[in-house]
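Please read the structure below before turning to the comments.
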Amino acid sequence: MKKIKWLFVVVISLFITSCSLEKEKELDDSFQNVLSSVDTDYFVNYEEVGLIANSFSSKETVEMGFKDKVLKEIIPIKDEEDKVIFYISNYHEGGFFILAADKRSIPVLAYSFDNNFSLDEEIGFPHGLIDWLQFAKEQIQEIRTKNLEQPIEFIEYWDVTKAGVLNPTAFVSSPCNQIPTNTVFKAPLLTTAWHQRASFNDFMPLAVPQYCSNIGTSNNRFYAGCVPIAIAQVMRYHQYPANFDYNAMDDLVGTYASKSLINDIHHKIYYFYDKFNPFFTIRPLKYRCESTGVSSDFPVHSLLKLNYRYSTANTMSSAFIIEPLMLNDILQNRPVILSGGRAKGWWIFKQKTDGHMWVADGVDKTTFCIKIFGKPTAFTVLRYNMNWGWGGLDNAFYSYGNFNPGSASYNYQVELVYNIKP
């Protein structure tokens, strides 16, 4: 639950190449070296990424939210071995997608029709997103290390992606047709894009200048914190309990009503154990210069039920994203709250962290038939829309299933608050 600031000037020159459309033929020598260091049979090159980006925005693909948008940049992201693992493509008008750099993976790993993927040094990255980037990197690396096969269905999957289609409807060339292709889509439930700084932290305590000279919130107040922001956005969605003026809460800017809600959540977290466990003397909420932290074992589900009188709210810890619970809640119009954090990373994402809390509120799931060892098998591409509580930055649908049928199920270590009902 820390705010992250990055030293970009040196690191970017070593690990990232950002290419605008105007310079797409001017790839530098270092990037050309990367092209020659990967398996060219399956490697996705820069020109292919541009083709897909332009196909997504073409008039023929009217179902896509990228329609008629102009590509702004393509950013190759490299791993520790200086190999491109995926590309981030941003559009001028808003919207981005992350494309795998290996054709043995599913093509589109993440996408948003509205938001750009920010690499802003001052704003940093939500820790939940850092975890996902590490998760995605490990999957692409495993595909290459184990030299996994490319299913015949993936050949056509990449072909239809190049034609501007995000999710396939059927694979005509596949010998596997015993499992029908099925797509489930739920648009994001939340309309809010709240964050931790001014104007949402205006009721937070003032930071002492001699101790917090570079707090970075512009109003010198402590951060609102990712835990209170996640809880507040879910409460605003449900508009419960009724003693808050939800109609006076703006989707993007902190108002008196939204600041009052956030402040109330702070107060109830801080004094939670005084009321419900007086023998537990540790304060679960702490204000620090770099973050406002809440203990990782704090029972958010109990706060919702005991303090705010929600009829139900359950919690579960898991080493993996819990698909049935999350999928059921989101399809029933109930956003869920996730928390997690791993002390791993690379490049600008290498950061020890005590975790982050965010909201999952949409789903894009496609299941289709593939042949594995001659046996028809259901393979699922599963993306959840994540609201990171970062002012809308990087909110998008992110893939959380396996990128290839031979990939391992990756340990993701999450806490889930689900079944949240007024």
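The values are calculated or read from the model by the stated rules, or taken from the named source; none is laboratory data. Because the structure is predicted, anything quoted here is derived from the model rather than measured. Ideal geometry is used to build each Cβ from the backbone, glycine not excepted, and the neighbour counts take in all protein chains shown.
Yes/no per residue for (1) under 12 Å from the mean Cα position of the chain (by Cα); (2) outside the structural domain of W158 (by the TED database); (3) crowded, with 23+ Cβ neighbours inside 10 Å; (4) assigned to a loop (DSSP other than H, G, I, E, B):
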residue: R104; (1), (2), (3), (4): no, no, yes, yes
residue: Y111; (1), (2), (3), (4): yes, no, yes, no
residue: D114; (1), (2), (3), (4): no, no, no, yes
residue: L119; (1), (2), (3), (4): no, no, no, yes
residue: F125; (1), (2), (3), (4): yes, no, yes, yes
residue: G128; (1), (2), (3), (4): yes, no, yes, no
residue: A136; (1), (2), (3), (4): yes, no, yes, no
residue: Q139; (1), (2), (3), (4): no, no, yes, no
residue: E142; (1), (2), (3), (4): no, no, no, no
**Message:** Name the single residue that is surrounded by the most Cβ atoms within 10 Å (Cβ to Cβ) among those in region 211-222 being of a type in the set (S, T, Y) and out of contact with any Cys (no Cβ under 9 Å at 6 or more places or on another chain).
**Reply:** T217
**Prompt:** Counting only residues that are among the small types (G, A, S) and buried (at least 17 other Cβ atoms within 10 Å of the Cβ), how many does region 144-170 have?
**Reply:** 1
**helices (runs of 4 or more DSSP H) wholly inside region 228-338 containing at least 1 residues that are outside the structural domain of A136 (by the TED database), surrounded by 15 or more Cβ atoms within 10 Å (Cβ to Cβ) and among the aliphatic types (A, V, I, L, M)** = 256-270, 323-331
**Asked** For region 284-338, how many residues are among the charged types (D, E, K, R) and touching a strand residue (DSSP E or B) at 6+ places or on another chain (Cβ under 7 Å)?
**Response** 5
**Prompt:** Would region 78-94 turn up any residue that is closer than 25 Å to P151 by Cα and of a type in the set (G, A, S)?
**Reply:** no
**Request:** Please verify whether region 191-210 includes one or more residues that are small (G, A, S), more than 27 Å from the chain's Cα centre (by Cα) and over 18 Å from I106 (Cα atoms).
**Result:** yes
**Item:** Criterion: out of contact with any strand residue (DSSP E or B) (no Cβ under 6 Å at 6 or more places or on another chain), at pLDDT 95 or above and over 30 Å from V227 (Cβ atoms) - qualifying residue of K59, K103
**Value:** K103
**Message:** Suppose we filter I215, I229, I265 for residues that are more than 30 Å from M316 (Cα to Cα) and within 27 Å of the chain's Cα centre (by Cα); which single one remains?
**Reply:** I215
